[in-house]
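First the structure, in the form of structure tokens, and then the observations on it.
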Amino acid sequence: MLYPQANTKREVIDLNGIWNFKLDDPYVVPNDLIQSKLQDTIPMPVPASYNELTEDIKIKEHVGNVWYEREFYVPQSWNNKRIVLRFGSVTHYGKVWVNGQEVMEHSGGYTPFEENIAPYVHFDRKNRVTVMVNNVLDLTTIPIGELEIRTNSEGKEIKRQNYFHDFFNYSGIHRPIKLYTTSNQFIQDITIQTDVADHTGIVKYEAQVEESSQVQVFILDENDNIVGEASGVNGVIYVNNPILWEPGAAYLYTLRVNVLDVNGHITDTYDESFGIRTVKVEGCQFLINGKPFYFKGFGKHEDAEIHGKGLSEAINVKDFSLMKWIGANSFRTSHYPYSEEIMRMADREGIVVVDEVPAVGLHMTLGGFMSSQKRNTWETVQTQESHKQAITELIARDKNHPCVVMWVVANEPAGEEEGAYEYFKPLVDLTRELDPTRPLTIVSFQAATPKACKIHSLSDVICLNRYYGWYFNSGDLETAELELRKELLEWRDTSEKPVFLTEFGADTLHGLTSAVPTMWTEEYQCEFLKTYHRVFDELDFVIGEHVWNFADFATKQGIMRVDGNKKGVFTRDRKPKKAAYLLRERYKNIANYYYKK
């Protein structure tokens, strides 16, 4: 799906800002709400999570529908054109009306959706857009959840959302809303795949074009010089001596697609940025541009005070600045697709991204090894269709980003349970069919050991989340080091694939210090990381390390968390803990390539 773009043939109107907002009224049917303006509303910013923007616990912990509404004008010059209303994301379900007419709906809280609303708009007066947002998770959605309903002393229903992931279930319109126009003869989508051979860049392209008669394609370098051209909706363009997209040294070309009518006039045009680079897993190495790459960085979250998961360009700029300061070259979009704006920035900044669908918490034994509750996950969940949709939409959105080097099909599923292979095999096949150019992985849960895991054969890279020294061998780093080394060697003997530690970390309270490193202190976090680093540096098949987490983040209430998860190397407001300086010294001395020769 193409990102909205203003150019010589397309116009874009931003619908971000203050919208009218209200919680659902259980005694009013939706049809009555949308036929006239919403009443008794409060102001609500878009994009943002609504949960923490008031002092009302009913809004913070609301379960079910909420309503957004605003008015807008459409320029008369847009008449007789396509007028597309596009949402960057609505978490987790959205339904949209324009002037009281239903125009679209979408399930899945982290990918965009859009519709041509030209038949529904007025050109001589204001238009009204109404959005219903629902945050309920169940056993058919990803992430999964279960809804608990009980009644209070007055006989009124009380809804509680239980969910199986360790981050707060922020809700709302989290990413930009844009209104854009194209001609009726337009470019629907562009797919770009690159390769390199004998100092020549090979750029395969495919353009989906509605009602086209002729298509022109050009490749421009960063100085807008034409370095290749072709015609037709698909083909191959060769670029002599290309400048490759490299981690830490991004170079972006532009694929410009023009659609011409029968008279040779351009009716639509689109510029898609891309990088020429290759990605491959070979033996126990992860190769970018044919060179063994070492991942150093973090699992992250889209999470900040006040904004919640709402897009904040300021937070994004700060986070990228901190990643560069610390010497990181990569991050994982744990545990859902991040905003398109983040992906575009990673392209530009040369940061490598491991891109993940929102299939987190697919483990019905809550807490897995820590609970006595026993339910077979794959006999319980009905998430297959939602999971397929999420994979399809993620790849459709992010397929052209050079920063994306690997897809994550799920994070910490019940890979040790019977039925896991049968569940994941068709999803892995779908991912490979949709994008044969990138490797993929399923990130492993602690209980899915080499002997127990039933799905590791489906991954190109063995990605492990491990917490020896925290949840296991708590406070005992000597034993933790032995257990970690032992398991990693077992993975080497079992899979003969590269191993990537995608999570390891310790909760740490900023400012809590001790001469003796004990749990929750900053000194313990440093010693914990150094323990893992010693093991990583011994083993040549370990190709990466992502500390959990980049920054502290919000979680639901519970006895396991005090004001959120504190495993961040930075605080939630981006102040460095002592571990940040330790990592900076390490990462600045690890080259992107050939660290494990």
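The values are calculated or read from the model by the stated rules, or taken from the named source; none is laboratory data. All figures in this text were calculated on a predicted structure; none of them were measured in a lab. Note that we place each Cβ from the backbone using ideal geometry, even for glycine, and neighbour counts take in every protein chain shown.
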Q: Report yes if Phe536 is aromatic (Phe, Trp, Tyr), within 30 Å of Arg160 (Cα to Cα) and in the same structural domain as Leu583 (by TED's automatic domain parsing), otherwise no.
A: no
Q. Among the charged types (D, E, K, R) and buried (at least 16 other Cβ atoms within 10 Å of the Cβ), is that true of Arg175?
A. yes
Q) Going through region 47-95 one residue at a time, which ones are free of Cβ contacts under 8 Å to residues at least 60 places away in the same chain, of a type in the set (A, V, I, L, M, F, W, C) and either in a loop (DSSP other than H, G, I, E, B) or in contact with a Phe, Trp or Tyr (Cβ under 7 Å, 6 or more places away or on another chain) (or both)? A) Ile59
Q: Could you list, in sequence order, all residues of region 393-447 that are of a type in the set (Gly, Ala, Ser), within 19 Å of the chain's Cα centre (by Cα) and closer than 15 Å to Val461 by Cβ?
A: Ala410, Ser444
Q. Of the conditions (1) among the hydroxyl-bearing types (Ser, Thr, Tyr); (2) out of contact with any Asp or Glu (no Cβ under 9 Å at 6 or more places or on another chain); (3) without any contact (Cβ under 8 Å) to a residue 24 or more places away in the chain, Thr151 fails just one. Which one is it?
A. (2)
**Q.** Test for Ala515: is it closer than 19 Å to His363 by Cα and over 20 Å from the mean Cα position of the chain (by Cα)
**A.** no
Q.
When you check Tyr163 against the structure, is it in contact with a strand residue (DSSP E or B) (Cβ under 6 Å, 6 or more places away or on another chain), surrounded by 17 or more Cβ atoms within 10 Å (Cβ to Cβ), among the hydroxyl-bearing types (Ser, Thr, Tyr) and not assigned by TED's automatic domain parsing to the domain that holds His387, yes or no?
A. yes
Q: Kindly list, by first and then second residue, each pair from a residue in region 176-203 that is polar (S, T, N, Q) to a residue that is crowded, with 23+ Cβ neighbours inside 10 Å and in a loop (DSSP other than H, G, I, E, B), limited to pairs with Cβ atoms under 6 Å and residues at least 6 apart or on different chains.
A: Thr194/Ile276
Q. Would a scan of region 320-334 turn up a residue that is among the aromatic types (Phe, Trp, Tyr), touching a residue at least 24 places away in the same chain (Cβ under 8 Å) and buried (at least 19 other Cβ atoms within 10 Å of the Cβ)?
A. yes
Q. Is it the case that region 276-290 has a residue that's farther than 23 Å from Lys596 by Cβ and among the small types (Gly, Ala, Ser)?
A. no
Q: Identify the residue in region 342-361 that is within 16 Å of Pro143 (Cβ to Cβ) and modelled with pLDDT of 95 or more and, among all such residues, is surrounded by the fewest Cβ atoms within 10 Å (Cβ to Cβ).
A: Val360
Q | Count of region 102-124 residues which are over 21 Å from Asp355 (Cβ atoms) and among the aromatic types (Phe, Trp, Tyr) | A | 2
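One line per residue, one yes/no per condition, for (1) assigned to a loop (DSSP other than H, G, I, E, B); (2) in contact (Cβ under 8 Å) with a residue 40 or more places away in the chain; (3) of a type outside the set (Ser, Thr, Tyr):
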{"site": "Thr555", "(1), (2), (3)": "yes, yes, no"}
{"site": "Asp563", "(1), (2), (3)": "yes, no, yes"}
{"site": "Lys567", "(1), (2), (3)": "yes, yes, yes"}
{"site": "Tyr587", "(1), (2), (3)": "no, yes, no"}
{"site": "Ala591", "(1), (2), (3)": "yes, yes, yes"}
{"site": "Tyr595", "(1), (2), (3)": "yes, yes, no"}
Q: For Ile142, indicate whether it is closer than 27 Å to Ser334 by Cα and touching a residue at least 12 places away in the same chain (Cβ under 8 Å).
A: yes
Q: Could you tell me whether region 36-44 includes any residue that is outside any loop (DSSP other than H, G, I, E, B), polar (S, T, N, Q) and more than 23 Å from the chain's Cα centre (by Cα)?
A: no
Q.
Condition (residue is among the aromatic types (Phe, Trp, Tyr) and either surrounded by fewer than 16 Cβ atoms within 10 Å (Cβ to Cβ) or modelled with pLDDT under 95 (or both)) applied to region 229-239: is it met by at least one residue?
A. yes
Q: Go through the residues of region 17-30 one by one and say whether even a single one is surrounded by 17 or more Cβ atoms within 10 Å (Cβ to Cβ) and within 16 Å of Gly308 (Cβ to Cβ).
A: yes
Q. Of (1) part of a strand (DSSP E or B); (2) touching an Asp or Glu at 6+ places or on another chain (Cβ under 7 Å); (3) at pLDDT below 95, Gln185 satisfies all except one. Which?
A. (1)
Q: Could you list all residues from region 533-564 that are within 17 Å of Glu305 (Cα to Cα) and buried (at least 18 other Cβ atoms within 10 Å of the Cβ)?
A: Asn549, Phe550, Ala551, Asp552, Phe553, Ala554, Thr555, Gly564
Q: Can you confirm whether region 139-149 contains a residue that is farther than 18 Å from Glu356 by Cβ and not in a strand (DSSP E or B)?
A: yes
Q. Ala207 versus (1) of a type outside the set (Ser, Thr, Tyr); (2) assigned to a strand (DSSP E or B); (3) out of contact with any strand residue (DSSP E or B) (no Cβ under 8 Å at 6 or more places or on another chain): which is the lone unmet condition?
A. (3)
Q) Among (1) assigned by TED's automatic domain parsing to the domain that holds Val409; (2) outside any strand (DSSP E or B); (3) over 21 Å from the mean Cα position of the chain (by Cα), where does Gly310 come up short? A) (3)
